[in-house]
Amino acid sequence: MRVAVVQTNPAFGDVERNVKGAIALIESANADLYVLPELFNTGYNFVDAQEVKKLAEPADGYSFNRLSPVARKKNCTIVYGFAEQADRLYNSAALIGPDGLCGVYRKVHLYYRENLFFAPGNLGFPVFDLPFGRVGIMICFDWIYPESARTLALAGAEIILHPSNLVLPHCPDAMVTRCLENRVYAATANRIGRENRGGIDLSYIGKSEIVSPRGEILTRLSADETGVGVVDIDLTEARNKHLNEYNDVLAGRRTEYYRLA
Ligand code: ACM
């Protein structure tokens, strides 16, 4: 199967433009699965909760209605980050396929000022069975908690779809470890550009990437250009957790010695 990470540079608040731009990038490449950045349609650096409220959508809102026909026409799956208007406001990712909405993930670990605007995710780390394999979703800062990727791997995720708006420099390299320690693929889609709003100046690091269960960086985009990284992968590689005939990275855990809470 073929996976694509889509690296964008959204204009804050211009949802129509941002969705249009993302669709153009999707249509410039052929893949079975596309990963878009976190909050790809709105931008990231909100000044206050009122702004989030104004730009948030339900899971079946404007962006879904624009991307859904693309997924149908291209017979593909798309995951994208958006501000979700539900019972509360969530920093969410929607997974859509040719037949519509497959599911939603709500970011569990909120980063920095997101804590002022969003409610922490309340759906856990769900995995989804798709025709090509089992996928899990986490969003951006979830990477810093190894428990996120581990939980997805233990639930059988073969690839972690990772919409992001990275500002710290560490994640692209850290995902190599996340993949190695869980023997899973990961597709991190990040944005580029800068948002200086309300006295908070954020620059996004790009470097969207796809990493293999062996920790190989199969593609990594630049720090400052939009684009699409496309890779052919074999998800069966992620079903084999053996490093060698003695070590299975999941079965070999000594859970009796771990203190996780
Ligand atoms: C982040 O979680 N957007 C850094």
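The values are calculated or read from the model by the stated rules, or taken from the named source; none is laboratory data. Everything numeric in this text was worked out from a predicted model, so none of it was measured. Positions of Cβ are backbone-derived with ideal geometry, glycine not excepted, and every protein chain shown enters the neighbour counts. Areas reflect the complete protein model, heavy atoms only, side chains present, ligands, DNA and RNA absent. Shrake-Rupley method; radii C 1.70, N 1.55, O 1.52, S 1.80 Å.
Residue-wise HN-Hα couplings along region 108-123, as the Karplus relation 6.51 cos²θ - 1.76 cosθ + 1.60 with θ = phi - 60° gives them from phi, are 7, 9, 7, 9, 6, 6, 3, 4, 7, 10, 10, 7, x, x, 10, 10 Hz; Gly and Pro carry x. Across region 77-87, rounded Karplus estimates of 3J(HN,Hα) from the backbone phi angles (6.51 cos²θ - 1.76 cosθ + 1.60, θ = phi - 60°) give 10, 10, 10, 8, x, 7, 7, 9, 8, 9, 4 Hz, Gly and Pro being marked x. Checking the cross-link pairs Lys53/Lys73; Lys20/Lys74; Lys53/Lys207; Lys107/Lys241; Lys107/Lys207; Lys54/Lys107 against a 23 Å limit on the alpha carbon distance flags Lys53/Lys73; Lys53/Lys207; Lys107/Lys241 as lying beyond it. From the alpha carbon centroid of region 205-261 to that of region 154-195 is 9 Å.
Per residue, the convex hull spanned by the alpha carbons of the chain comes to 117 Å³.
Under the criterion of Cα pairs below 8 Å and six or more residues apart, the relative contact order for the chain equals 20 percent.
The alpha-carbon positions of region 58-181 define a convex hull whose volume is 107 Å³ per residue. Where does region 113-261 land on Rg/Rh, using Cα atoms and the Kirkwood Rh? Rg divided by Rh gives 0.99. The charge dipole of region 86-228, taken about its Cα centre with unit charges on the Cβ of Lys, Arg, Asp and Glu (plus for the first two, minus for the last two), comes to roughly 160 debye. Within region 209-261, the proportion of C-alpha pairs whose separation exceeds 11 Å stands at 78%. Put simply, when 109-115, 230-236 are sorted by average Cβ atoms within 10 angstrom per residue, most first, you get 109-115, 230-236. Couplings for region 250-260, taken from phi via the Karplus curve 6.51 cos²θ - 1.76 cosθ + 1.60 with θ = phi - 60°, read 8, 5, x, 5, 10, 4, 5, 9, 8, 10, 9 Hz in order; Gly and Pro are left as x. In this structure region 141-213 gives 30 Å² per residue of accessible area when probed at 1.4 Å with all protein chains present. The antiparallel fraction among DSSP beta bridges confined to the chain stands at about 70%. Judged by the mean number of other Cβ atoms found within 10 Å, the most tightly packed of the peptides 253-260, 155-162 leads the ranking 155-162, 253-260.
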